[in-house]
Amino acid sequence: MVFRRLRRSRITTEEQEKLDRSLHKTRQGVLGRIGGLFQANEISDDLWDELEELLIRGDVGVETTLKLVEATRERVRTQGIKRTDEAYQVLREEMVRLLQSGAPPLDIENPDRLLTVVLVVGVNGSGKTTSIGKLAHYYRHRHRRVVLAAADTFRAAAIDQLKVWGARAGVSVIAHEPDADPGAVVYDAIRASQESRDADILFVDTAGRLHTNYNLMKEMEKIRNVASRQVHKAPHETLLVLDATTGQNAITQAQKFGESVRITGVVLSKLDSTAKGGVVLAIAEQLGVPVRFVGTGEQIDDIAEFDPWVFVDSLLNQPDTEA
């Protein structure tokens, strides 16, 4: 039986290596034992039961685990697969299929747009501002002209932190005084991006208060309205930063944010610091939102564009080769 990729990876070798390294702790945890299950001589009910247990303990979540194992078992049954190594490859493909399902191309990279506006949301402490700095560095080194907007005006520390990351990335930061109108910051940042800065990507840092706060919902609505009046169809992406170390709690957090804003993608921070990497599968399945980037360390260049094949190969400790 021949197993083929659904598509080749488009990320660089360096990014693949970063993603692989960031999953070291996850591989050292329970998910790293999945491969050992498929060393058995036969496919049995015990194998599937043990697989379910490992996935749930690895923070994939009960709902996602049951769907993944059932899809794998059904393919194994209908294709008449008897060998455990071939069943293992079916599991690998089903993981990738789950992560790829319904994921449109990343709209930040639209070459026909003069200015792309990206809102970045997330609770305080999730790594939101740090992730914005890393994204600015990532795109600047891909020859894009980037500006940052400090629209989290409720915390002076947030404005100062964004300025520090902007300086590290070598990009301009548009900021007002603390407690200023976030909509006014976005308006000025768009004007600066279009005129004096000649930018083609604007990342907007937004307030990270509790996601149940009604005022935050109204604030996000205002920011979106300001952006859409200044730039056609803006904002073009709304990225939610989630802390990978929180595991399944990240799912609840994302669902709450999804009630207030239309999330188009997830940036998973601190993936290198947790054994809970299985939450990536739950995010894709339960939220229907693709993971776009993952934080792979503490340095400014420690970020990688997410690739399902590389992630699954690294998670299952397999080399990234054509089957």
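Within segment 264-278, the set of residues being among the hydrophobic types (A, V, I, L, M, F, W, C) and at pLDDT below 90 comprises L271, A275. Examine segment 253-272 for a residue that is touching a residue at least 24 places away in the same chain (Cβ under 8 Å) and over 30 Å from E221 (Cβ atoms), and state whether such a residue exists. Yes: segment 253-272 contains one or more residues that are touching a residue at least 24 places away in the same chain (Cβ under 8 Å) and over 30 Å from E221 (Cβ atoms).
Is it true that A149 is buried (at least 16 other Cβ atoms within 10 Å of the Cβ), within 21 Å of H232 (Cα to Cα), in contact (Cβ under 8 Å) with a residue 40 or more places away in the chain and of a type in the set (A, V, I, L, M, F, W, C)?
Considered against the rule, which asks whether it is buried (at least 16 other Cβ atoms within 10 Å of the Cβ), within 21 Å of H232 (Cα to Cα), in contact (Cβ under 8 Å) with a residue 40 or more places away in the chain and of a type in the set (A, V, I, L, M, F, W, C), A149 comes out as yes.
For A158, indicate whether it is part of a helix (DSSP H, G or I) and crowded, with 20+ Cβ neighbours inside 10 Å. Answer is yes for this residue.
Counting only helices (runs of 4 or more DSSP H) that fall entirely inside segment 29-142 and contain at least 3 residues that are over 23 Å from the mean Cα position of the chain (by Cα), the qualifying elements are 34-37, 45-57, 62-78, 84-100. Looking for something acidic (D, E) and either modelled with pLDDT of 95 or more or touching a Phe, Trp or Tyr at 6+ places or on another chain (Cβ under 7 Å) (or both) - is there at least one such residue anywhere in segment 142-159? Among the residues of segment 142-159, not one is acidic (D, E) and either modelled with pLDDT of 95 or more or touching a Phe, Trp or Tyr at 6+ places or on another chain (Cβ under 7 Å) (or both), which makes the answer no. The sole residue among A254, A184, A234, A192 that is assigned to a helix (DSSP H, G or I), of a type outside the set (D, E) and within 25 Å of A103 (Cα to Cα) is A254.
For segment 279-300, the criterion of being within 14 Å of the chain's Cα centre (by Cα), modelled with pLDDT under 85 and not basic (K, R) is met by no residue.
The combined condition, being surrounded by 15 or more Cβ atoms within 10 Å (Cβ to Cβ), part of a loop (DSSP other than H, G, I, E, B), out of contact with any His (no Cβ under 7 Å at 6 or more places or on another chain) and charged (D, E, K, R), is not fulfilled by R224.
Quick grid of which residues meet (1) exposed (fewer than 13 other Cβ atoms within 10 Å of the Cβ); (2) out of contact with any helix residue (DSSP H, G or I) (no Cβ under 7 Å at 6 or more places or on another chain); (3) among the aromatic types (F, W, Y):
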position	(1), (2), (3)
E17	no, yes, no
L23	no, no, no
G29	no, yes, no
A40	no, no, no
R77	yes, yes, no
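For A275, the criteria (1) in contact (Cβ under 8 Å) with a residue 60 or more places away in the chain; (2) of a type in the set (A, V, I, L, M, F, W, C); (3) touching a helix residue (DSSP H, G or I) at 6+ places or on another chain (Cβ under 8 Å); (4) more than 27 Å from E15 (Cβ to Cβ) hold in every case but one, which is (4). Every listed requirement among (1) under 14 Å from the mean Cα position of the chain (by Cα); (2) buried (at least 20 other Cβ atoms within 10 Å of the Cβ); (3) closer than 21 Å to R57 by Cα is met by T264 save one, (3). Within segment 176-200, the set of residues being buried (at least 20 other Cβ atoms within 10 Å of the Cβ) and touching a His at 6+ places or on another chain (Cβ under 8 Å) comprises just one member, V185.
A search for C-beta distances below 7 Å between a residue of segment 219-243 that is in contact (Cβ under 8 Å) with a residue 40 or more places away in the chain and farther than 19 Å from Q255 by Cα and any residue that is β-branched (V, I, T) and part of a helix (DSSP H, G or I), counting only pairs 6+ apart in sequence or on different chains, returns I223/V186; V226/V186; A227/V186; A227/I190; Q230/I190; V231/I190.
The values are calculated or read from the model by the stated rules, or taken from the named source; none is laboratory data. The model shown is predicted, which means the values in this text are computed figures rather than measured ones. Please note: Cβ atoms are built from the backbone with ideal geometry, for glycine as well, and neighbour counts cover all protein chains shown.
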